[in-house]
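Okay, structure first, notes after.
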Amino acid sequence: MIKTYLITKDGVKQDVPFDDWKSLTKDDCGLLWVDVRSAATDEIRRLADIFGLHSLAIKSVQDGYQRPHLHEFPDHFYVNMTTVRTTNRGEHAVKPSELHLFAGEKWIITVVREQASDAVDKALAEFRQTPSLCARGPFYAVYLLAEDLVETYYPVVEKLDGAADKIEDIMLDGADKKSLKKLFDLKRQAFDLRRILGPQRDIFNELARRDFPFMDGENQVYFQDVYNRMIRLFDMLDTVREILSGGMDIHLSSVSNRLNEVMKVLTVFAIILMTLSFITGFYGMNFTRLPWLQAPNAARNIAILMGVITAGLLWWFKRKGWL
């Protein structure tokens, strides 16, 4: 489905015919925005014929998901940017998709495979509210798209950050198999987000430094702001990874401490039992003359001796702080 918007100082006209786009944008402030949702192959080919889009960029649109990249051609450039959305694969699972963008001197084309695109809707809404923004050219529209796209990343990362804080508290109280699985899922998602958004950050850095001859370069400073936002986003992801790694360290430390406590108690009981076994084994030898062996109260005396030795060992261990 294709929707067109002609943006001038007087306002925004919707569903204008774009076959003769040059006449539509002959005004100094004229900007034609072609918004393509659920893109079909024939629609993409029609746009390529009308605007002279390069075949390499068209191939990128028609292929499956690819990491963000930028291609510059004589009269336009193409960039695909990554969008992320939650999936049913897990509570915090995300799946990447693409926002394809073509921009020329007086026009801009956005292509998405889904019906909904928050970044495109927000950028178009800003032009509807302030049509005079068309005077800044299509590069400013690209900036608004990039800015709104980055804003869609923050809820995903903030949700991940909140989940990491909760799992850290669980690890402090004592983890079970379910919480451990959740921790590993969160670590994997943080890694996936960083891997997915890394190339996107590089694209914004390139837009901030690159000069396109068919566009006004004054707007490049805005992309530096977008790049800085991506840096802050990566700082948040690094913090999440540190929290999750700290939670795992807490769990391993608690397991090790618990194991040490168990081993300490078992060692104490082993020493006591070993001492008592020595006494019973000594008096169980096949000798006829041993102290107390022929006494009338031999069993009672040995039991009292073993009790005293046990109490003495427990007192000594307690004094040493082993119990």
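The values are calculated or read from the model by the stated rules, or taken from the named source; none is laboratory data. If you're wondering where the values come from, they're calculated on a predicted model, not measured in any experiment. No Cβ is skipped: glycine too gets one built from the backbone with ideal geometry, and neighbour counts run over all protein chains shown.
Below are the figures for this structure:
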{"quantity": "Answer residue from segment 19-34, given it is touching a helix residue (DSSP H, G or I) at 6+ places or on another chain (Cβ under 7 Å) and part of a loop (DSSP other than H, G, I, E, B) and is farthest from Gln129 (Cα to Cα) among those", "calculated": "Asp19"}
{"quantity": "Among (1) farther than 19 Å from Arg67 by Cβ; (2) part of a helix (DSSP H, G or I) - the single one Phe212 does not satisfy", "calculated": "(2)"}
{"quantity": "Looking only at segment 275-323, and only at residues there that are in a helix (DSSP H, G or I), of a type outside the set (A, V, I, L, M, F, W, C) and over 26 Å from Lys264 (Cα atoms), the one that is modelled with the lowest pLDDT", "calculated": "Tyr283"}
{"quantity": "Restricting segment 184-217 to residues that are touching a His at 6+ places or on another chain (Cβ under 8 Å) and at pLDDT 75 or above, the residue that is surrounded by the fewest Cβ atoms within 10 Å (Cβ to Cβ)", "calculated": "Pro199"}
{"quantity": "Top-ranked residue in segment 138-183 [being β-branched (Val, Ile, Thr) and surrounded by 17 or more Cβ atoms within 10 Å (Cβ to Cβ); ranked as farthest from Asn257 (Cα to Cα)]", "calculated": "Val142"}
{"quantity": "Entirely in segment 37-137, the helices (runs of 4 or more DSSP H) that have 1 or more residues that are exposed (fewer than 14 other Cβ atoms within 10 Å of the Cβ), more than 33 Å from the chain's Cα centre (by Cα) and modelled with pLDDT under 85", "calculated": "41-51"}
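Here is a yes/no grid of residues against (1) of a type in the set (Lys, Arg); (2) over 26 Å from Pro17 (Cβ atoms):
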{"position": "Phe102", "(1), (2)": "no, no"}
{"position": "Ala123", "(1), (2)": "no, no"}
{"position": "Leu144", "(1), (2)": "no, no"}
{"position": "Asp173", "(1), (2)": "no, yes"}
{"position": "Ser179", "(1), (2)": "no, yes"}
{"position": "Asp185", "(1), (2)": "no, yes"}
{"position": "Arg188", "(1), (2)": "yes, yes"}
